[in-house]
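Structure first, commentary second.
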Amino acid sequence: MRMFGGRTVAVLMMACMMAGPALANSGKNKDPSDVLGSWSFQTSPYRSGQCVMSGTMRLSPHPDEGRYTCELTAVEMCSMWGRSVVRQSCEARRFGDQVSIRSTIEEMLETKFEGLLYVPDNFTLTIQSHERMFGALVSAVTAPVEFRRANDGIS
């Protein structure tokens, strides 16, 4: 067995002490309840298979525990009236592994159908993992929806 000098042991101990907090915090990014950040979503087809919705959502911290501010952009494609793109603000609440999102329409960015009444997009979700939430779009229609954590790339 090789013996280390006092200086080597001190350096090793110091390195371990410094790495301890970093290793303890490294799991925080994998916490399934951590829903902050960017998400993309897509529904299953609805309105007899004629429509599907996809989009993006960003959840940001809120001063109250279990609440988040958010914004989302929904893109609805329907064979009978075309494409609608809607920017919405929203508020999210988390209850354990459940997330409830309530939206307010801020701006219709695109619509092909004159006079289309667009209802805010609300969601009820269950956190499956750090990368995935699954639930339902609850709006003018109800449809299954999957949220996947978006990969924030460099632009």
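Key figures for this structure:
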{"item": "Count of residues meeting criterion [in contact with a Leu (Cβ under 8 Å, 6 or more places away or on another chain) and farther than 19 Å from Glu146 by Cα] in the stretch 70-86", "result": "2"}
{"item": "Residues satisfying the stated conditions in the stretch 77-98, i.e. touching a residue at least 60 places away in the same chain (Cβ under 8 Å) and in a strand (DSSP E or B)", "result": "Arg94"}
{"item": "Restricting the stretch 133-155 to residues that are at pLDDT 95 or above and either charged (D, E, K, R) or in contact with an Asp or Glu (Cβ under 8 Å, 6 or more places away or on another chain) (or both), the residue that is farthest from Cys78 (Cα to Cα)", "result": "Met133"}
{"item": "The one condition in (1) surrounded by fewer than 14 Cβ atoms within 10 Å (Cβ to Cβ); (2) under 21 Å from Glu131 (Cα atoms); (3) modelled with pLDDT of 50 or more that Lys28 fails to fulfil", "result": "(3)"}
{"item": "Cβ pairs under 7 Å, 6+ apart, first in the stretch 99-117 and surrounded by 10 or more Cβ atoms within 10 Å (Cβ to Cβ), second of a type in the set (Asp, Glu)", "result": "Arg102/Glu91; Ser103/Asp121"}
{"item": "Any hit, the stretch 116-126, residues being of a type in the set (Ser, Thr, Tyr), part of a strand (DSSP E or B) and at pLDDT below 95", "result": "no"}
{"item": "Residues of the stretch 57-76 satisfying the condition of being loosely packed, with under 15 Cβ neighbours inside 10 Å and assigned to a strand (DSSP E or B)", "result": "Ser60, Pro61, Arg67, Thr69"}
{"item": "So Ser139, is it of a type in the set (S, T, N, Q), over 18 Å from Cys51 (Cα atoms), out of contact with any His (no Cβ under 6 Å at 6 or more places or on another chain) and touching a residue at least 12 places away in the same chain (Cβ under 8 Å)", "result": "no"}
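The values are calculated or read from the model by the stated rules, or taken from the named source; none is laboratory data. Predicted model, so just to flag it, every value in this text is computed and none were measured. Note that we place each Cβ from the backbone using ideal geometry, even for glycine, and neighbour counts take in every protein chain shown.
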